[in-house]
Amino acid sequence: MVSIVIVSFNTVRELLACLESIERSAPSVPHEVILVDNASADGTVEAVRARFPAVRLIANDANVGFPKANNQALPLVRGEYVLFLNPDSGVDPGTLDRMVAQLEPFPERAAVGPRVRKPSEFMSHNCARRLPTLWTEFCDLSWLARILPRSRLFAWKYYAGWDGTTDRDVECLLGAAMLCRTAQVRALGGFDESVPLYLDDMDLCKRLGELGRLRYLSSVPLLHHYSVSTRKQPAALMKRLGLQATYQYFVKHRGRGYARAYVAIVAAVGLASFPLGFARLIGGSLKKARRRWDEGRVFVDWAWRSKAVTYTLPRL
């Protein structure tokens, strides 16, 4: 059996569509759905109880966050495998069957993940990537990975030279759709509830990777509309949260010296954004210049305050 664990927060429309896709697409695989709702105010609990009475529902009185909500579901999981799935995802016919088929007979694998995509793309690079290092984050922050997406040096984080059309072992899968062995997740204690937003899946993949391989499955597509809840938050705050998450990942897994070096890189890239913005302005693009300046201000501000401030927002 596969236990599908979904955490929701004010995403009732996307969640109902997700549950419908599971009902329609996974009848051949024994499965259960466990929903943990983080005190949604949009009628999620009532709608699920009315339309999907078979869903096992935990209705929290407060928003406890993504890692803790997933961990609340773990004691209820009855399946040998657990699929962590975001509520804004659509499951295609055969998705669950093929994921199980690529995990069950391969004991050396700790997790598998599908080819996650948006409606307009073949594959999101985030569903098959390397874990962060100083080099990968420098290339991301400085836009080198986007400017030179085929460079094995600058786009190393996303396995440049590989187009996602073949299966491969990866360092990090997307937590929005990841099938794991229940016993292994429980042995690890589930998600680390102390980590911030954006770090939860990277941290779990890091720990799962010490138990076995993580496998990306090119022939298993899954439609994902990406961060419906986080899109409601200010862009600058989202950037700060991303920086804070990476910093704390380095503190936990690489040490404080490594994390301090990351702060220095963020500051340097932020300062470099100002002359680059002027270059964009001279080139005739005020919009691109402003984007560079705004990003630079966020980077410099975060680097300046990173030792004293942990950026927070309502848990998602």
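Can you tell me which residue is farthest from Leu15 (Cα to Cα) among those in segment 47-62 that are in contact (Cβ under 8 Å) with a residue 24 or more places away in the chain and either of a type in the set (Lys, Arg) or open to solvent by less than 40 Å² (accessible area, probe 1.4 Å) (or both)? Walk me through how you get there before you give the answer.
First, pick out the residues of segment 47-62 that are in contact (Cβ under 8 Å) with a residue 24 or more places away in the chain: 47-48, 51-52, 55-56, 58, 60, 62.
This time we only want the ones that are either of a type in the set (Lys, Arg) or open to solvent by less than 40 Å² (accessible area, probe 1.4 Å) (or both), so: 47-48, 51-52, 55-56, 58, 60.
Details: Ala47: 10, Val48: 9, Arg51: 12, Phe52: 11, Val55: 12, Arg56: 14, Ile58: 15, Asn60: 16 Å.
Looking at residues that are in contact (Cβ under 8 Å) with a residue 24 or more places away in the chain and either of a type in the set (Lys, Arg) or open to solvent by less than 40 Å² (accessible area, probe 1.4 Å) (or both), I get Asn60.
Can you tell me which residue is most open to solvent (accessible area, probe 1.4 Å) among those in segment 139-181 that are closer than 23 Å to Ala111 by Cβ and in a helix (DSSP H, G or I)?
Trp156
Within segment 17-32, how many residues are within 22 Å of the chain's Cα centre (by Cα) and either free of Cβ contacts under 8 Å to residues at least 12 places away in the same chain or open to solvent by 20 Å² or more (accessible area, probe 1.4 Å) (or both)?
Residues that pass the stated criteria total 1.
Give me the residue from segment 114-138 that is in a loop (DSSP other than H, G, I, E, B) and of a type outside the set (Ser, Thr, Tyr) and, out of that set, least open to solvent (accessible area, probe 1.4 Å). Give the derivation first.
To start, the set of residues in segment 114-138 that are in a loop (DSSP other than H, G, I, E, B) comprises 118-124, 130-133.
Now restrict to residues that are of a type outside the set (Ser, Thr, Tyr): 118-119, 121-123, 130-132.
Numbers: Lys118: 86, Pro119: 86, Glu121: 59, Phe122: 99, Met123: 22, Arg130: 45, Leu131: 23, Pro132: 4 Å².
The selected residue is Pro132.
How many of the residues in segment 17-46 are outside any helix (DSSP H, G or I), closer than 19 Å to Asp97 by Cα and among the small types (Gly, Ala, Ser)?
Final tally of qualifying residues: 2.
Please work out which one of (1) among the β-branched types (Val, Ile, Thr); (2) surrounded by fewer than 17 Cβ atoms within 10 Å (Cβ to Cβ); (3) under 16 Å from Met99 (Cα atoms) is the condition Val220 fails and give its number.
(2)
Of everything in segment 242-254, what is over 13 Å from Val266 (Cβ atoms) and assigned to a helix (DSSP H, G or I)? Give them in sequence order.
Within segment 242-254, Gln248, Tyr249, Val251, Lys252, His253 qualify.
Pick from segment 260-312 the residues that are at pLDDT below 65 and either in a helix (DSSP H, G or I) or at positive phi (or both): which of them is least open to solvent (accessible area, probe 1.4 Å)?
By that ranking, first place goes to Gly277.
Which residues, taken from segment 194-226, are more than 21 Å from Gly242 (Cβ to Cβ) and of a type in the set (D, E, K, R)?
Passing the criteria: Glu210, Arg213, Arg215.
For residues in segment 82-113 being touching a Ser or Thr at 6+ places or on another chain (Cβ under 6 Å) and assigned to a strand (DSSP E or B), which is surrounded by the most Cβ atoms within 10 Å (Cβ to Cβ)?
Looking at the filtered set, the residue picked out is Val82.
Quick check on Pro75: is it at pLDDT 95 or above, over 23 Å from Ser194 (Cβ atoms), open to solvent by 60 Å² or more (accessible area, probe 1.4 Å) and not hydroxyl-bearing (Ser, Thr, Tyr)?
Here the answer is no, as Pro75 does not meet what is asked.
Out of the residues in segment 182-205 that are in a helix (DSSP H, G or I) and polar (S, T, N, Q), which is farthest from Tyr81 (Cα to Cα)?
Gln184
The values are calculated or read from the model by the stated rules, or taken from the named source; none is laboratory data. The structure displayed is predicted, hence computed values, not measured ones. Glycine also receives a Cβ, built like all others from the backbone with ideal geometry; neighbour counts cover every protein chain displayed. Remember, those area values only see protein heavy atoms, side chains included, never the ligands or the DNA or RNA. Shrake-Rupley method; radii C 1.70, N 1.55, O 1.52, S 1.80 Å.
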